[in-house]
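The values are calculated or read from the model by the stated rules, or taken from the named source; none is laboratory data. Only a predicted model underlies this, so the values are computations on that prediction, with no experimental measurement involved. Cβ sites come from the backbone with ideal geometry, for glycine too, and all protein chains shown count toward neighbours.
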Amino acid sequence: MNHDINIKECRINCFRESKVPGEFMLQMRVPGGMIDSKYLDLIQKISKTYGDGNFHFGTRQTFDICRIKYEDIDKVNKCIEDYIKEVEEGLCDVDMDLVAHEKVGRKVNTGYPTIGARNISACIGNYHCICGNINTFELARKIEPIIFPSHYHIKINISGCPNDCNKAHLCDFGIIGVSKLVYHKERCIGCGLCAKICESHATRVLSLNKETGKIDKDECCCVGCSECARHCPTSAWTRSEQKFYRVILGGRTGRQTPRTGKMFLNWASEETLLQVLGNWQKFSSWVMDYKPEYLHGGHLIDRAGYKKFKEIMLDGVHLNPECIVAEDIYFNEIEYRSNFNVKPLSKHKKAGPGA
Amino acid sequence: MSYKLTLKEAQKLLDKLSLTYDIYAPKKLKAQGRYSDTDIIKYEKIKNIDEIEYREKSTYPMKEVISPIQQTIFYFTEDKYRESKVSTKPILVFSRACDINAIKVQTKIFIGNGGFVDYYYQRMYERIKFILMECDFESDTCFCVSMNANITNNYSLAVRFEDDGIHFEVKDKDFTNYFKGYPHSSFAPKFVMENKTKVHIPEIKDRNMLNKIKKSPMWKEYDKRCISCGACTIACSTCTCFLTRDLIYGDNSEVGERRRLSSSCQIDDFALVAGGGNYRTTAGDRMRYKVLHKFHDYKERFKDSHMCVGCGRCIERCPEYISITATVEKLNKEIERIEKEEASNV
């Protein structure tokens, strides 16, 4: 086989090269992992016509169709044009003509314009789950136009509650739905079930006061999971109607420096959260000196340092009064490659203009 | 005599009634449900007609108006005490037939049972008049007809809500003057005469059978299923169990108040006594106690009705999907089994 294929362009177009020469895998975005099941017909059609009939659930909740011949990429892109329009423009209000907020003039039937900002994944959230605090895929659909299309890489995982089934702790910008709990003392019968549940399921911040027969709470360490509200027999614990979010920053997997993310924001309102994310393009372009090269979002934070990250990400943001921000973050890498953190400063990559 | 008022007129009427009465109705509380973005409906004092949630069954029963989950009954200083104050205004409650019938059970327990009148219950009960809300919704958790609790004439006014207004039937002469000048209507409240869900009440013929039921393995199922949260009994319109608790102000134990709090026979320490004995240590034991209390023991003692009006709130509130109607049907089958076993032993 004699191929002359610009692999990098294919990849940006969301077609990843296969170990089999000349074959590619299409990755279709499903923001928040939720989509009308009618699109499964389309997946089947593409898979049977251009692939080998199989499809894979991408680890970031994309529809992955393998075994697509390089020669068929244009035809496949034509097939997914309506899907892109309906999902990205229709559901998420994305302007497909922009890349990182700049007009590029996308042509029809050319498929996805960027792969940098990865599909936003989400657990099922309060659409179904008895633990969920937020509607996760609706949030994903609101974030989609902020980060996509863009060549700047970012992985966003949304979890509906602090159980974090969708691993907000293992991505660049993890979002966890949390609740401010309201205690209606006059409805509390002092059964102590919430305290028992908090002890076994959460962070042990509730205790039954033997003197008053009411519940004492360590407000500071409440993770906002709402297990107390879920178990209370009298509705003495209820969620606040307003939704809040915790942001876990800089987690990642990877060969070199896997690590769990750390708390960046807590009790952020939706408005605050979206405003902060609105600065992501600005931050990324500053770190890369306006040259988007392939680098994971978490590494951008490492290059700039948390303080600089915070400065740019919070620029012009009106924080809701409940929101608290990490003063500093100390990441703990598992050092797969020895001396990663102790190498001389001169060997560290630099951030910002002239980097 | 019946009338139809526009919503505007009904609001004016409510304003006028509020001068004399405290008015309570089921009210929807947004996002206060057990799960995220779910609501609850509970009884609260209202000022506006549009606060009344009449389309759905309330999560919590009407009994909370008379016996709130928590109430201070008296204050004490050394050997002197003073009863807590309550409003002297009479109370009007928008209520369904099942909830009104449940008050008969409540009153039987609080007034007269054991030759004792519960003053704190009585002072609320005496102030109450009911506005009957006609039931026009179908819920498969309702079984009021099976419990003979679908009909009542214990009401002063009856209402039917429509999109453009409210029909009122005036039964109590005290309210006649409020309706002068409003157009007449042919409205007479209809009662639910059939439920989708029907329950056959078990016949427990004698003590021997009762003892066999007590020892039956059928209750073991609930050891695994029931989490003993007590939500069923808090949502129950007939349950009356409460506990009292003295709240001491500061470090002087001579000064404080006594509170009454709802309690639940389903909570694991309900039958805990001084010395550490506990008579019902498993969820199955407690379930058996509740079911037999409601569908046998109460009637055995008071003769008039069972201690259930078929409101079905316990079914809707149970986080473990335990249905009281399904449980009673299981009990029926168990009785049948025991009877067959007895017949074959003869």
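General observations
- Of the residues making up region A:141-189, those that are within 14 Å of another protein chain (Cβ to nearest Cβ), more than 13 Å from the chain's Cα centre (by Cα), assigned to a loop (DSSP other than H, G, I, E, B) and surrounded by 20 or more Cβ atoms within 10 Å (Cβ to Cβ) are A:CYS161, A:PRO162, A:SER179, A:CYS188, A:ILE189.
- Lone unmet requirement of (1) over 30 Å from A:GLY213 (Cβ atoms); (2) without any contact (Cβ under 8 Å) to a residue 60 or more places away in the chain; (3) of a type outside the set (Asp, Glu) for A:THR234: (1)
- Helices (runs of 4 or more DSSP H) lying entirely in region B:150-266 (those with 3 or more residues that are away from chain A (no Cβ under 14 Å) and aliphatic (A, V, I, L, M)): B:207-215
- Close pairs (9 angstrom Cβ cut-off, 6 or more residues apart or separate chains): assigned to a loop (DSSP other than H, G, I, E, B) in region B:94-119, modelled with pLDDT of 95 or more and among the basic types (Lys, Arg) anywhere: B:ARG96/B:LYS57
- Subset tally (residues that are surrounded by 19 or more Cβ atoms within 10 Å (Cβ to Cβ) and within 12 Å of another protein chain (Cβ to nearest Cβ)) for region A:193-213: 4
- Per this entry, B:SER87 is counted among residues that are at pLDDT below 95, touching a strand residue (DSSP E or B) at 6+ places or on another chain (Cβ under 8 Å) and either surrounded by fewer than 19 Cβ atoms within 10 Å (Cβ to Cβ) or outside the structural domain of B:TYR298 (by TED's automatic domain parsing) (or both).
- Matching entry among A:ASN126, A:ASN119, A:ASN77 (being crowded, with 18+ Cβ neighbours inside 10 Å and in contact with an Asp or Glu (Cβ under 7 Å, 6 or more places away or on another chain)): A:ASN126
Results for (1) of a type in the set (Lys, Arg); (2) in contact with a strand residue (DSSP E or B) (Cβ under 8 Å, 6 or more places away or on another chain); (3) closer than 27 Å to A:ASN157 by Cβ, shown as yes or no for each residue.
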position	(1), (2), (3)
A:THR49	no, no, no
A:PHE57	no, yes, yes
A:ARG60	yes, yes, yes
A:ASP72	no, no, no
A:LYS75	yes, no, no
A:LYS78	yes, no, no
A:TYR83	no, yes, yes
A:GLU86	no, no, yes
A:LEU91	no, no, yes
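A quick yes/no check of all residues on (1) at negative phi; (2) surrounded by 11 or more Cβ atoms within 10 Å (Cβ to Cβ); (3) in contact (Cβ under 8 Å) with a residue 60 or more places away in the chain; (4) not in a loop (DSSP other than H, G, I, E, B):
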{"position": "A:ARG11", "(1), (2), (3), (4)": "yes, yes, yes, yes"}
{"position": "A:ARG16", "(1), (2), (3), (4)": "yes, yes, no, yes"}
{"position": "A:PRO21", "(1), (2), (3), (4)": "yes, yes, no, no"}
{"position": "A:LEU40", "(1), (2), (3), (4)": "yes, yes, no, yes"}
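- Residue in region B:30-44 that is away from chain A (no Cβ under 13 Å) and not in a loop (DSSP other than H, G, I, E, B) present: no
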